[in-house]
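Heads up: the structure comes next, in structure tokens.
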Amino acid sequence: MEMDSLPNGNSTTTSTTAPSTAPPSKLTQLTESLKLEHQFLRVPFEHFKKTIRANIRAVEKEVSSVISAVNDSADSDISNDDAVQRLTSLVSRLQGLKRKMEEERRTENLQAERCRARIDHLESPDAENLTGWANMRLKRILVDYMLRMSYYDTGLKLAESSNMLDLVDFDIYLEAKKVIDALQNMEIAPALAWCAENKSRLKKLKSKFEFQLRLQEYIELVRAENHMGAIAYARKYLAPWAAMHTKEMQQVFATVAFKGIPECSVYKAFFEPKQWDYLVEQFKQEFCRLYGMNPEPLLNIFLQILL
């Protein structure tokens, strides 16, 4: 304690000890760090929505086909035997549709349970189980890193041994693996199928990935000196993109005028093997955007914070 004189000559006692600020609790730090893990909930939710949309489209298509067949039968002049045969066929189709819907419902239920499991996991940490919860979280982050780096078997083993398959996105990464493997083998069909499956979402994201795939297919036809095939391909698949990618289209169309691989660097770049590596990286980016994933592994983000 120190004695301080007041202007009127009186004195008073004041404390010079600064008020102490308690360090943030571990639970508070955890709450802050969880803000980086939005993909933990968003990825299974986006997958769930995608499954529901696909199932609805499949059911609507089949029901529309059955109704059309019924109307055709009603409008046509057929014998009783033919009518019975057609109705029997339609009943069989509807029974198949019912079985398919039951399978789809089971898939949807499993995905809903996965979303529920993740919500429960995020709500579970408290002062008593924080260490165990943090260890589980570290394993999740490690599995996510392994899957992003294509260490699928190792990631699966860690997830299984830790009993946390509902907390990792193994099946979604396997979906990506099929496309990546194909592109690394210079095969475009699986990537185009993926684009068709996610066409509406990619359009909302203003993705150029399908256009880049089409360009590569055109280049491969030019590389094989199938010039007529390249021209026909361009008219069918590249023309719809002309308004949005005029400059690139002009450059790539000029390649058909060369015999073999051109020497000019502007055009030669289209034929470089690294174009396939670029497509792989572009797919990874679009895949992350589609599912709302962080553009880089969460492990890298936490390591950067610590450094």
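The values are calculated or read from the model by the stated rules, or taken from the named source; none is laboratory data. Please read these numbers as outputs of a predicted model, since none were measured by experiment. Neighbour counts run over all protein chains shown; Cβ positions are idealised from the backbone, glycine included. SASA here: full protein model, heavy atoms, side chains in, ligands and nucleic acids out. Shrake-Rupley method; radii C 1.70, N 1.55, O 1.52, S 1.80 Å.
What the table below lists for this structure:
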read-out: Carbon plus sulfur fraction of accessible area for region 82-183, probe 1.4 Å, in percent; value: 54 percent
read-out: Normalised contact order of the chain, rounded percent, pairs of Cα under 8 Å and 6 or more residues apart; value: 19 percent
read-out: Net lengthening on full extension, K157/R42 (0.36 nm per residue, minus Cα-Cα); value: 39.0 nm
read-out: FRET efficiency, 1/(1 + (r/R0)^6) with R0 22 Å, evaluated for Q251 and E217 via beta carbons; value: 0.85
read-out: Residues L205 and F302, FRET efficiency given R0 of 30 Å [Cβ-Cβ distance, rounded to 0.05]; value: 0.65
read-out: Phi to ³J(HN,Hα) by Karplus 6.51 cos²θ - 1.76 cosθ + 1.60 over region 62-68, Hz, x for Gly, Pro; value: 5, 5, 4, 5, 5, 4, 4
read-out: Sequence of S207, S79 when ordered by accessible area, the most exposed leading, probe 1.4 angstrom; value: S79, S207
read-out: Spin-label pair L110/R93, simplified geometry with 7 Å Cα→Cβ offset, distance in nm; value: 2.9 nm
read-out: Heavy-atom SASA rank of K100, K49, K204 (probe 1.4 Å, accessible area, largest first); value: K204, K100, K49
read-out: Cα-based shape type of region 207-249, given that a ≥ b ≥ c are square roots of the gyration tensor eigenvalues and the cut on a/c is 1.5; value: prolate
read-out: Karplus (6.51, -1.76, 1.60) ³J(HN,Hα), θ = phi - 60°, over region 194-206, in Hz, Gly and Pro reported as x; value: 5, 5, 5, 5, 10, 4, 5, 5, 5, 5, 5, 7, 6
read-out: Accessible surface, the chain, averaged per residue in Å² (probe 1.4 Å); value: 63 Å²
read-out: Accessible area in the full protein assembly, largest first, 1.4 Å probe, for R42, R148; value: R42, R148
read-out: In order through region 170-185: 3J(HN,Hα) via Karplus (6.51 cos²θ - 1.76 cosθ + 1.60), integer Hz, x for Gly, Pro; value: 4, 5, 5, 5, 5, 4, 5, 4, 4, 6, 4, 4, 5, 5, 5, 9
read-out: Shape call, the chain: gyration tensor on alpha carbons, a/c limit 1.5; value: oblate
read-out: Ellipticity estimate at 222 nm from DSSP helix runs (n ≥ 4, -39,500 (n - 2.57)) divided over the chain, nearest 500; value: -22500 deg cm²/dmol
read-out: Most mobile listed residue (W276, W194, W241) in the chain, GNM with C-alpha springs under 10 Å; value: W241
